[in-house]
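Notes follow the structure.
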Amino acid sequence: THTRTQTRTRTLTEAAHNRNRSREVKSARSLGSSLVSLVSLISLLGKMCAAVDPDAVQRRHRVIQEIYDTEVGYCENLDTIQSVYAEPLRLAAEVIHNPILSPDDIRLLFAHIPTLRTLSRNIVKDLRTRLQVGLTADTCIGDVFQRLVPFLKIYSQYRTDYEVATVRIHELEEKNPRVRSFLMKAKDMPQCAKNDIHSMLIMPIQRVPRYKLLFAELIKHTWSTHPDLPALRSVFDQISAVASGLNSDRSEKFSRVLAIQNRLANCPNLVEPHRLLVRESSFTLLRRNRRDPRYRFYLFNDLLLYGKARKFVGLLPLQRCWVRVFGDSPKLSNLFEVCSPEKTLRLIAKTAQERHLWVKAICQLIDHMILNNTSSGGGGG
């Protein structure tokens, strides 16, 4: 019995020992497998790092440096617009009875410059911080622009006002010797580097397409595993959207308004940020039973303008207008009137369809203006 007990004990001990050895072998194999995986990962990362072309890194660094350098120059130009043009004119308007430019003109020309300066200064500040740390293969700048891209929409507003501002500047230069003298002296100041006000004010519009080109080049030299690539692509897409907006059909619509203004002699200024041409056509003007077919009418979203033989004749603000349509007779058809407290225009259209389209368009515009005026608290009896 004692012998059998010893034998059973020895057997259990050996079994336990074997189990422990089996666990140790499995642990060793698992550890070995993990070490192999770690070594493989390190080797793969080493290969990936070794695969980055040093020339590609240098090219990427050069683009980053160009983005910074051009932003610094752009920011300095915005400072010049503010210090040489906007600020002196604003101060003069506050203290001089007959200033060079009115406060309204100053707002039209320079209203967005302070915001653009702040935006550009923030970009310069953040990029300078990255450059001072030192450029490496892993340097990222996409996040700098991701924080600022939403504010780039201000460029769309600037573009709209710029189109009106350029027309206004030309008018002031032609009619006002004091404005012309001020602008000539400003151009000769060292900060302007012989750039006149037109060259200075167009710089913000040129900056957005430049951003697009620079980021396209930076993405080109950023390899697929670089941590900056997703942010750069996101920024590029958003900048492209803003650039496309700057080149939208708004410029074409502005050009059409300006072309009408230039076409009619003695025409008042028509160019306003909100103004759009809706339709134009020739009508016969009925006056004291006399018909004159040589009138051209231009319907804008806020006024009806008419001219004759390439000369401005008159205009009616739509907000003060109403329309009357008359039945046809054997002697007179397609007649309608556009009335205001000051004037009534009796117009004969070529066809019933043309009369219908014009009456409908005028009524819709009048209703729209009245609705907007009411909702904004204007109007009243």
**Message:** Show me, for segment 109-119, the HN-Hα J-couplings you get by feeding each phi into the Karplus relation (A = 6.51, B = -1.76, C = 1.60, θ = phi - 60°), rounded to Hz, glycine and proline as x.
**Reply:** 7, 10, 4, 8, 4, x, 5, 5, 5, 4, 4
**Message:** As I understand it, the dipole of segment 122-180 uses +1 on the Cβ of Lys and Arg and -1 on the Cβ of Asp and Glu, about the Cα centre. Which of Gly142, Leu131, Pro177 lies farthest toward its positive end?
**Reply:** Pro177
**Request:** Just the Kirkwood number for segment 147-219, please: inverse of mean 1/r across all distinct Cα pairs, in Å, one decimal.
**Result:** 14.3
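For an R0 of 35 angstrom, estimate the FRET efficiency from the Cβ-Cβ distance between Arg130 and Ser199 and round to the nearest 0.05.
On the way: r = 31 Å, r/R0 = 0.88.
Efficiency for this residue pair is about 0.70.
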**Asked** For the residue pair Lys175 and Thr70, what label-to-label distance in nm results when each label sits 7 Å from Cα along the Cα-to-beta-carbon direction?
**Response** 3.9
**Message:** What three numbers, in Å, describe the spread of the alpha carbons of segment 59-100 along their principal axes, ordered from the longest?
**Reply:** 57, 11, 7
**Request:** Would you mind giving the average projected area, over all directions, of the Cα convex hull of segment 95-170 in nm² with one decimal?
**Result:** 7.5
**Request:** Have a look at segment 283-326 and give its Rg and Dmax from the Cα atoms, expressed in angstrom.
**Result:** 11.4, 30
**Request:** Binning at 10 Å from 0, report for segment 152-275 what percent of all alpha-carbon pair distances ends up in each bin.
**Result:** 11, 29, 28, 19, 9, 3, 0
**Item:** Distance from segment 186-252 to segment 50-77 (C-alpha centre basis), Å
**Value:** 15
**Item:** Largest to smallest accessible area among Leu214, Leu315 [probe 1.4 Å]
**Value:** Leu315, Leu214
**Request:** With a cut-off of 20 Å, note down the residues of segment 260-277 whose backbone N falls inside the zone around a label point 7 Å from the Cα of Lys311 toward its beta carbon.
**Result:** 260-270
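Quickly rank 106-119, 280-293 as a protection proxy: mean count of other C-beta atoms within 10 Å, highest first.
Packing order, densest peptide first, comes out as 106-119, 280-293.
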**Item:** Percent of alpha-carbon pairs separated by more than 18 Å within segment 214-307
**Value:** 64
**Item:** Residue-wise HN-Hα coupling along segment 225-233, computed from phi with Karplus coefficients 6.51, -1.76, 1.60 (Hz; x: Gly, Pro)
**Value:** 8, 6, x, 7, 4, x, 5, 4, 5
**Item:** List Met189, Met369, ordered by accessible area with a 1.4 Å probe, largest first
**Value:** Met189, Met369
**Request:** Could you do me a favour and compute the accessible area per residue for segment 249-371, 1.4 Å probe, result in Å²?
**Result:** 57
**Request:** Would you kindly state how much longer the chain becomes between Asp138 and Cys339 on full extension, computed as 0.36 nm times their sequence separation minus their alpha carbon distance, in nm to one decimal?
**Result:** 65.3 nm
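For segment 129-206, give the magnitude of the charge dipole about the Cα centre (Cβ charges: +1 Lys/Arg, -1 Asp/Glu; no others), in debye to the nearest 20. Show your work: numbers first, answer last.
Details: 11 positive and 9 negative charges, 42 e Å.
So the magnitude is around 200 debye.
Which order do His170, His221 take when ranked by solvent-accessible area (1.4 Å probe, heavy atoms of all protein chains), largest first?
Details: His170 95, His221 30 Å².
Largest to smallest exposure gives the sequence His170, His221.
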**Item:** Debye, to nearest 20: dipole size of segment 273-359, +1 on Lys, Arg Cβ, -1 on Asp, Glu Cβ
**Value:** 440
**Request:** For Arg279, enumerate residues with amide H under 5 Å from its amide H, sequence gap 5+ or separate chain, H modeled in the peptide plane.
**Result:** Leu299
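Can you give me the % of accessible surface on segment 125-192 that is carbon or sulfur? Probe 1.4 Å, all protein chains present, nothing else counted. If you can, show how the numbers build up before the last one.
On the way: 2130 of 3850 Å².
Ligands and nucleic acids excluded, carbon and sulfur give 55 percent.
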**Message:** Once ligands and nucleic acids are excluded and a 1.4 Å probe is used, how much of Tyr158 is accessible, expressed in Å² to the nearest 10?
**Reply:** 10
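Once the piece of chain linking Leu357 and Ser281 is laid out straight, how much longer is it, given 0.36 nm per residue of separation minus the C-alpha distance between them? Before the final figure, lay out the partial values.
On the way: separation 76, 0.36 × 76 = 27.36 nm, distance 1.11 nm.
Residue separation times 0.36 nm, minus the Cα-Cα distance, leaves 26.2 nm.
Could you calculate the FRET efficiency of Arg288 with Asp328 from 1/(1 + (r/R0)^6), where r is the beta carbon distance between them and R0 is 25 Å, rounded to 0.05?
Working: r = 21 Å, r/R0 = 0.82.
With R0 = 25 Å, the Cβ-Cβ based efficiency is 0.75.
The values are calculated or read from the model by the stated rules, or taken from the named source; none is laboratory data. In this text, all values refer to a predicted model and were calculated from it rather than measured experimentally. Methodologically, a virtual Cβ is constructed for each residue, glycine included, from the backbone with ideal geometry; neighbour enumeration extends over all protein chains shown. Ligands, DNA and RNA are excluded from the accessible area calculation, which covers all protein heavy atoms including side chains. Shrake-Rupley method; radii C 1.70, N 1.55, O 1.52, S 1.80 Å.
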